[in-house]
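A.B. asks: Quick one: structure below, then a few questions.
Values quoted throughout were computed directly from the atomic coordinates according to the rules given, and no laboratory measurement underlies them. Predicted model only: the values in this text are computed from it and were never measured. FYI the Cβ positions are ideal-geometry reconstructions off the backbone, even for glycines, and counts take in every protein chain you see.
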Amino acid sequence: MTHRRPLVGLVMDERLIDEMPNQVIGEKYASAISDFSDCLPVALWPSPRGEDLDILLERFDGFVFPGSISNVDPDRYDGAERQPPFDLRRDEFALSLARAVVSRRCPALFICRGYQELNVALGGSLRTQLEKRDSTVAHHSEEGVAMDVRYAPLHEVTLADWSALRSIFGTTRFGVNSLHYQGLERVADALVVHGTADDGLPELVAVADHPFAVGVQWHPEYKPEKSAPNRALLEAFGRAVRGELNLQDKRI
């Protein structure tokens, strides 16, 4: 009997290629979901029709909101400073989809920009320039270096003592790569902060009373075979998609 891999939808970015708009998805995200979550990744065209969200939620078993070079438009959360580039089409689609995923209790993983989208979608706000907030922790690796250097662990994240995610990561403190200039400011009421950097910046959140809607500010999709916590997170997402893991289960 053929093993049916669950379908996981991946939100795409709009990029101009030869002056034409294209929808793209990073190879590393699709590969991570295929190889470590054991799911079939499918790119999602950002439909402008709201009724299409119901179709997506009926057809797909889980969703991933990846990182991107673009930032969420601050008009979405009454932000004062504007830090381009923006992707307004992704904003419209991803924020609506995030709210629908939370409402329908569908498994989802939110990464970097996706993590920020989750917060904004649920009513939170963002810090637009971390370097202007006197942060004692570097949150963006050096530009113009080899990818393995750029995605090397940059700082550590500490989990809360009560976090149900401790059993997934297998540790309470671990190093993470970090490539973001923005971060969470006002955390949405529906989100629970499970892990922070040493400067107090939220790095790991989950939607309260949801089976598995987890957001991380770092990039677990980059060579997860070299990071036990990142591999464990991707494997846990796959289990959640298959209905084998529920963060509300007190036994985990």
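A.B. asks: Under 13 Å from the Cβ of ARG90, count the other residues' Cβ atoms, weight Lys and Arg +1, Asp and Glu -1, and hand me the total. Present the calculation step by step, with values, prior to reporting the outcome.
C.D. replies: Numbers: positive: ARG15, ARG76, ARG89, ARG113; negative: ASP13, GLU14, ASP73, ASP87, ASP91, GLU92, GLU117.
Its environment carries a net charge of -3.
A.B. asks: Under the definition of Cα pairs under 8 Å and six or more residues apart, what whole-number percent is the relative contact order of the range 7-241? Numbers along the way, then the final one.
C.D. replies: Values: 475 pairs, mean separation 50.6, N = 235.
Over the range 7-241, the number comes to 22 percent.
A.B. asks: Now for a different question. If you put +1 on each Lys and Arg Cβ and -1 on each Asp and Glu Cβ, how big is the dipole of the range 7-241 around its Cα centre, in Debye rounded to 20?
C.D. replies: Details: 23 positive and 36 negative charges, 88 e Å.
The calculation lands at about 420 debye.
A.B. asks: Same structure, new question: What would the Debye formula give as log10 I(q)/I(0) at q = 0.11 Å⁻¹ for the alpha-carbon point model of the range 7-241, no solvent?
C.D. replies: -0.51
A.B. asks: To continue, here is another question. Could you line up TYR151, TYR29 from fewest to most neighbouring Cβ atoms inside 10 Å? Present the calculation step by step, with values, prior to reporting the outcome.
C.D. replies: Details: TYR151 21, TYR29 25.
The order, fewest Cβ neighbours first, is TYR151, TYR29.
A.B. asks: Around VAL72, under 10 Å between beta carbons, what's the net of Lys plus Arg minus Asp minus Glu among the other residues?
C.D. replies: Values: positive: ARG76, ARG90, ARG113; negative: ASP73, ASP75, ASP87, ASP91, GLU117.
With Lys, Arg at +1 and Asp, Glu at -1, the net is -2.
A.B. asks: A further question follows. Could you work out the local net charge near PRO48, counting Lys and Arg as +1, Asp and Glu as -1, over the other residues with Cβ closer than 11 Å to its Cβ? Could the numbers behind the result be given before it?
C.D. replies: Working: positive: ARG49, ARG89; negative: GLU51, ASP52, GLU92.
Net charge around PRO48: -1.
A.B. asks: Out of all DSSP beta bridges with both ends in the range 7-241, state the antiparallel percent to the nearest 5. Let's see the in-between values first.
C.D. replies: Details: 23 of 39 bridges.
Antiparallel bridges make up about 60 percent of those DSSP assigns within the range 7-241.
A.B. asks: A further question on this structure: I need the semi-axes of the equivalent ellipsoid of the range 1-94: take the C-alpha gyration tensor, multiply each eigenvalue by 5, square-root it, list largest first in whole angstrom. Before the final figure, lay out each step's value.
C.D. replies: Working: eigenvalues 146, 49, 33 Å².
They are 27, 16, 13 Å, listed largest first.
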